[in-house]
Amino acid sequence: MKFKRWAAGIVALLLVFSLGLVACAKPAGGTPEDNPVPAEEEEEVETKSYKLGFSCINMDNPYYDTLEASIREAVEEAGSTLISKDPKGDSTTQIQQIREMISDGIEAIFLCPVDWEKIQPAVTELKESDIKIINLDTQVQNREDVDAYIGSDNTSAGVICGEKLIEAAPDGGQVVILECITQNSIIDRINGFEETIAGEGFEVVARAETYGEREEAKKQMASILQEQEHITAVMCGNDQIALGALDAIEEAGRTDMMIYSVDGSPELKQELAKDDSLVAGIAAQSPINIGKSAVTVAFQIMNGERYEEETLEEVLYIDRSNVEMYGVDGWQ
């Protein structure tokens, strides 16, 4: 009996010992901690670098200077290169400069034509060289020749100025128009304005070609002031035109009219902020936003991605009541 009990005890001890070994044993191959899965190395995405060109109307105009700076910042942040040329308002020079950029090996161009018709030979050569064309601000005549267009809603800008004039002069009045027939953006602004005031008691008593330039606008406005004794409002195609008109009006000692414009430059906003200013309001655009949008679209085109063929940035109305909110020291 004692032997049987002793044998049973030995068997029980052996059983407990064997169970302990099983519990402590590691599974075949070990645990995940013992056999970690090596982390997959992330593939480095190669950033493509491009050479792009910029050709505007005239860098003496602060709008184009700001537009170029906005584009340059975005392009260089992306590791690409921007070559800029300033034709200073001469269409022949612009065409020659574009040919130089083609020879320099640009792959795309941001283009604001000096003359929307005369630019066509350069557009043809760009297409033949398989260079992508991002048309900015002022459209080329043949829209199908460019890859994309980015600009302000220029017709809307003219409509806004017309609506504000109607509010300010509900009985109508005499209007002077200072325009530039070679720039499609200004043509759209003036058309929007005229369509809005039509049938509202206004008469266009004078209009003049200014080529979009301040000095020419001053000259033309001075001539008009000699012929017109009473002017209710002057509609200007851009801020440089408006500043020229203002120069002429002030030199003539006239204080009986309102000036409307499209752009939103710091200099004209500073005039607008004055209590006795003749500048009534500005349909303001943002060259900073247009520049950023243009670079986004350009890289989408270059990378073979989907993109919008036309991007219209909204304009906003600035007058004396809100000019301080937008600031007078820079573009909005």
#### Entry: Simple spin-label estimate for residue 319 and residue 250 in nanometres, 7 Å along Cα-Cβ
2.2
### Query
Roughly what would the spin-label model give for residue 143 and residue 219, points 7 Å off Cα along C-beta, in nm?
3.4
### Query
What is the diffusion coefficient of the stretch 174-332 in µm²/s, taking the Kirkwood radius over Cα pairs and the Stokes-Einstein relation at 4 °C with a viscosity of 1.567 mPa s?
78
### Query
Counting only protein heavy atoms, what percent of the accessible surface of the chain is carbon or sulfur at a 1.4 Å probe?
49
### Query
Looking at the stretch 230-307, which GluC sites (Glu not before Pro) are in a loop (DSSP not H, G, I, E or B) and have at most 11 other Cβ atoms within 10 Å?
305
### Message
Please compute the modelled spin-label separation between residue 104 and residue 120, points set 7 Å along Cα→Cβ, answer in nm with one decimal.
### Response
2.7
### Query
Within the chain, what percent of beta bridges assigned by DSSP are antiparallel, to the nearest 5?
5
### Message
Can you give me the solvent accessible area of residue 317 with a 1.4 Å probe, rounded to the nearest 10 Å²?
### Response
40
### Summary
Farthest towards the positive end of the dipole of the chain, among 53, 231, 184 and with Cβ unit charges of +1 on Lys and Arg and -1 on Asp and Glu, lies the Cα of 53
### Message
I'd like to check one number: the per residue accessible area of the chain, probe 1.4 Å, reported in Å² as a whole number.
### Response
51
### Summary
1/(1 + (r/R0)^6) with r = Cβ-Cβ of residue 195 and residue 300, R0 = 41 Å, i.e. FRET efficiency to nearest 0.05, evaluates to 0.75
### Task
Report the charge-dipole magnitude of the stretch 55-96 in Debye, nearest 20, computed about the Cα centre from +1 at each Lys and Arg Cβ and -1 at each Asp and Glu Cβ.
160
### Listed pairs 219/292; 85/269; 48/88; 132/269; 51/88 exceeding 26 Å between Cα atoms
219/292; 85/269; 48/88; 132/269
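The values are calculated or read from the model by the stated rules, or taken from the named source; none is laboratory data. Every value quoted in this text rests on a predicted model; they were computed, and no experiment measured them. Using ideal geometry, Cβ is built from the backbone for each residue, glycine included, and neighbour counts are taken over all protein chains shown. The accessibility values were calculated without ligands, DNA or RNA, using every heavy atom of the protein model including side chains. Shrake-Rupley method; radii C 1.70, N 1.55, O 1.52, S 1.80 Å.
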